[in-house]
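Peer 1: Sharing a structure, written as structure tokens. Questions coming.
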Amino acid sequence: MEKLVIEGGLPLNGTIAVSGSKNAALPILFASILLDAPLTFHNVPRLRDIRTTNALLRVLGCDAEFTGETGNSVNVVPGALQPEAPYDLVKTMRASVLVLGPLLARLGQAKVALPGGCAIGARPVEQHTKALEKMGATFELDSGYIVGHCKKLHGADITFDFPTVGGTEHLIMAAALAEGETILRNTAKEPEIKDLANFLNACGAKISGHGTDTIHIHGVAALRGKEYSIMPDRIEAGTFLAAAAITGGECLIEGCPVEELTAVMAKMGEMGITLEPCDQGVRVRRNGTLRGVDMTTSPYPGFPTDMQAQIMTLMTLAEGSSTVEETIFENRFMHVPELSRMGADIRLAGSRAVIRGVKHLTGAPVMASDLRASASLVIAGLAAQGTTHVQRIYHLDRGYEHIEEKLEKVGARIRRMQENA
Ligand code: EPU
């Protein structure tokens, strides 16, 4: 296993380029199953989760490989579609469950391993299956697999119990090829959902209302192949804004999507961070001390749960007290004991954290537990006095492309090593 070793206390200065969005690329790549035509995707981040996605697409009968000059394109060539997504792949990436609806739409049958819970919560998928049932699918559970059948998926009027990102994406895909009109209500509005719908529309789908809480989809008989460029990763961009700000440096976050980061940038502004949108992205700097703020995570356009751990790291060094209320996942505070090991003053009570700013953090060996917790520990390490060893960085490699190269380029002292070194 590998770890990152960070010598903290150096300001970051220069330009960091934002990669393509992991959470947009995953459903869009899975949507390839809906097509019987070759596709080329650009701006795909080279991440472990994308390699898992390509591997799953190959098991399902499509050829899917990274290609292109920068290695950030993926070609998908369809083959004889297979209905089974095995546990070995699904267990490493929960988003794999999104192949269920597309397989039903194309084959009328699917057998997909049920994803288990993960470190941040139980994460069931009953909103996905209940909605697919309304479209004519039947399901049974067989030895840990969801086995689904349908004659032909048909349009339905579906109201989600709450806005689910994966559920909304899943049903958009299934409805794209269903017979008749599907209306999805109380949908999630995350930008990655818009990117998926834009891709499908470019291939001939008839989707409207994406980005709002009601989406209309008129099923079409077939979709045609396209080249498509994945949107920039708003969470990676937000993570770099936090990294630059905590070190007191000045960076241009190139390709930073401003509109999609409104809530994050507003909260950082309240903390005393200067953020200037420009043609190339966003310039970020901090001159004075950070100020404590209160923050609650909520579905888009609210403050994203995927930036909660990173902003909490900023709060550990902010003047006065801050509070964080996590409303999306029941167990997304695993960075807290690790930040405490570095000297942070954080008290937890259920879904609420109270953070009292300290003068400085101190480098320590810490353990990454999930993707965004890992990012928060890297940010803490950049600001801390002394050396931080962030262990179990395979979590980080799921969602941050070349993170140590990008940070090193702007002045961080960070290197990847074997854990026992
Ligand atoms: N939920 C249910 N039942 C369902 C579906 C969801 O109870 O049928 C619960 C989940 O357990 C969770 C909440 O509803 O507590 C929100 O889940 P949602 O379906 O909205 O999230 P997701 O699709 O599983 C995506 C991102 C997450 C991100 C969330 C929220 C991808 C691949 N994952 O997950 O990203 O945190 O939306 O914005 O797009 C990450 O990138 O680090 C990450 C975890």
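The values are calculated or read from the model by the stated rules, or taken from the named source; none is laboratory data. Owing to the predicted nature of the structure, the values given are computational and were not obtained by experimental measurement. Using ideal geometry, Cβ is built from the backbone for each residue, glycine included, and neighbour counts are taken over all protein chains shown. Side chains are part of the model used for accessible areas, which takes the heavy atoms of the whole protein and leaves out ligands, DNA and RNA. Shrake-Rupley method; radii C 1.70, N 1.55, O 1.52, S 1.80 Å.
Peer 1: Go through region 126-141 and report how many residues are closer than 14 Å to Leu104 by Cβ, open to solvent by 20 Å² or more (accessible area, probe 1.4 Å) and more than 9 Å from the ligand (Cβ to nearest atom).
Peer 2: The number of residues fulfilling the criteria is 6.
Peer 1: Is it the case that some residue within region 63-71 is within 20 Å of His395 (Cα to Cα), of a type in the set (A, V, I, L, M, F, W, C) and either over 21 Å from the mean Cα position of the chain (by Cα) or in the same structural domain as Thr164 (by TED's automatic domain parsing) (or both)?
Peer 2: Checked against the condition, which is being within 20 Å of His395 (Cα to Cα), of a type in the set (A, V, I, L, M, F, W, C) and either over 21 Å from the mean Cα position of the chain (by Cα) or in the same structural domain as Thr164 (by TED's automatic domain parsing) (or both), region 63-71 yields no hits at all.
Peer 1: Going through Thr247, Thr239 one at a time, which residue ends up being within 23 Å of Gly411 (Cβ to Cβ) and surrounded by fewer than 24 Cβ atoms within 10 Å (Cβ to Cβ)?
Peer 2: From the options Thr247, Thr239, the qualifying one is Thr247.
Peer 1: For region 20-59, what are the residues that are polar (S, T, N, Q) and either within 11 Å of the ligand (Cβ to nearest atom) or over 17 Å from Gly204 (Cα atoms) (or both)?
Peer 2: Selection gives Ser21, Asn23, Asn43, Thr52, Thr53, Asn54.
Peer 1: Can you run down the residue pairs with Cβ atoms below 8 Å, 6 or more apart or on separate chains, where the first is in region 185-202 and under 11 Å from Asp213 (Cβ atoms) and within 11 Å of the ligand (Cβ to nearest atom) and the partner is of a type in the set (Asp, Glu) and outside any helix (DSSP H, G or I)?
Peer 2: Pairs that qualify, where the first residue is under 11 Å from Asp213 (Cβ atoms) and within 11 Å of the ligand (Cβ to nearest atom) and the partner is of a type in the set (Asp, Glu) and outside any helix (DSSP H, G or I), are Thr187/Asp213; Lys189/Asp213.
Peer 1: Given Gln418, Gln308, Gln391, which one is under 25 Å from Arg48 (Cα atoms), in contact (Cβ under 8 Å) with a residue 12 or more places away in the chain, of a type in the set (S, T, N, Q) and touching a Pro at 6+ places or on another chain (Cβ under 9 Å)?
Peer 2: Gln391
Peer 1: Name the single residue that is farthest from His395 (Cα to Cα) among those in region 7-35 being touching a Pro at 6+ places or on another chain (Cβ under 7 Å) and among the small types (Gly, Ala, Ser).
Peer 2: Filtering region 7-35 for residues that are touching a Pro at 6+ places or on another chain (Cβ under 7 Å) and among the small types (Gly, Ala, Ser), the one farthest from His395 (Cα to Cα) comes out as Ala31.
Peer 1: Quick check, is Val147 touching an Asp or Glu at 6+ places or on another chain (Cβ under 8 Å) and at pLDDT 95 or above?
Peer 2: Yes.
Peer 1: Can you name the number of the only condition in (1) assigned to a strand (DSSP E or B); (2) farther than 30 Å from Ala25 by Cβ; (3) of a type outside the set (Ser, Thr, Tyr) that Lys359 fails?
Peer 2: (1)
Peer 1: Now, a different point. I want to confirm something. Restricting to region 288-301 and keeping residues that are assigned to a loop (DSSP other than H, G, I, E, B) and more than 10 Å from the ligand (Cβ to nearest atom), which single residue is surrounded by the fewest Cβ atoms within 10 Å (Cβ to Cβ)?
Peer 2: Gly288
Peer 1: Quick one: would you say Ala266 is away from the ligand (no atom under 16 Å from the Cβ), out of contact with any strand residue (DSSP E or B) (no Cβ under 7 Å at 6 or more places or on another chain) and not assigned by TED's automatic domain parsing to the domain that holds Phe160?
Peer 2: In short, yes.
Peer 1: Here's something else I'd like to know. What's the number of the only condition in (1) within 18 Å of Leu26 (Cα to Cα); (2) over 18 Å from the mean Cα position of the chain (by Cα) that Ile193 fails to meet?
Peer 2: Only one criterion is unmet by Ile193, namely (2).
Peer 1: With respect to the numbered conditions (1) in a strand (DSSP E or B); (2) away from the ligand (no atom under 15 Å from the Cβ), which one is the sole condition not fulfilled by Leu103?
Peer 2: Single failed check for Leu103: (1).
Peer 1: Test Arg123 against the stated conditions and say whether it is closer than 16 Å to Glu169 by Cβ and either open to solvent by 40 Å² or more (accessible area, probe 1.4 Å) or out of contact with any Cys (no Cβ under 9 Å at 6 or more places or on another chain) (or both).
Peer 2: So Arg123 fits the description; yes.
Peer 1: Does any residue in region 334-359 that is without any contact (Cβ under 8 Å) to a residue 24 or more places away in the chain come within less than 7 Å, Cβ to Cβ, of a residue that is of a type in the set (Val, Ile, Thr) and assigned to a helix (DSSP H, G or I) six or more places away or on a different chain, and which pairs are these?
Peer 2: Final answer for the pair search is Leu348/Val336.
Peer 1: Would it be correct to say that Gly288 is without any contact (Cβ under 8 Å) to a residue 24 or more places away in the chain and of a type outside the set (Ser, Thr, Tyr)?
Peer 2: Spelling it out, Gly288 is indeed without any contact (Cβ under 8 Å) to a residue 24 or more places away in the chain and of a type outside the set (Ser, Thr, Tyr).
Peer 1: Step by step: first the residues of region 329-346, then only those that are away from the ligand (no atom under 16 Å from the Cβ) and not in a loop (DSSP other than H, G, I, E, B), then the one that is surrounded by the most Cβ atoms within 10 Å (Cβ to Cβ). Which residue is that?
Peer 2: Leu339
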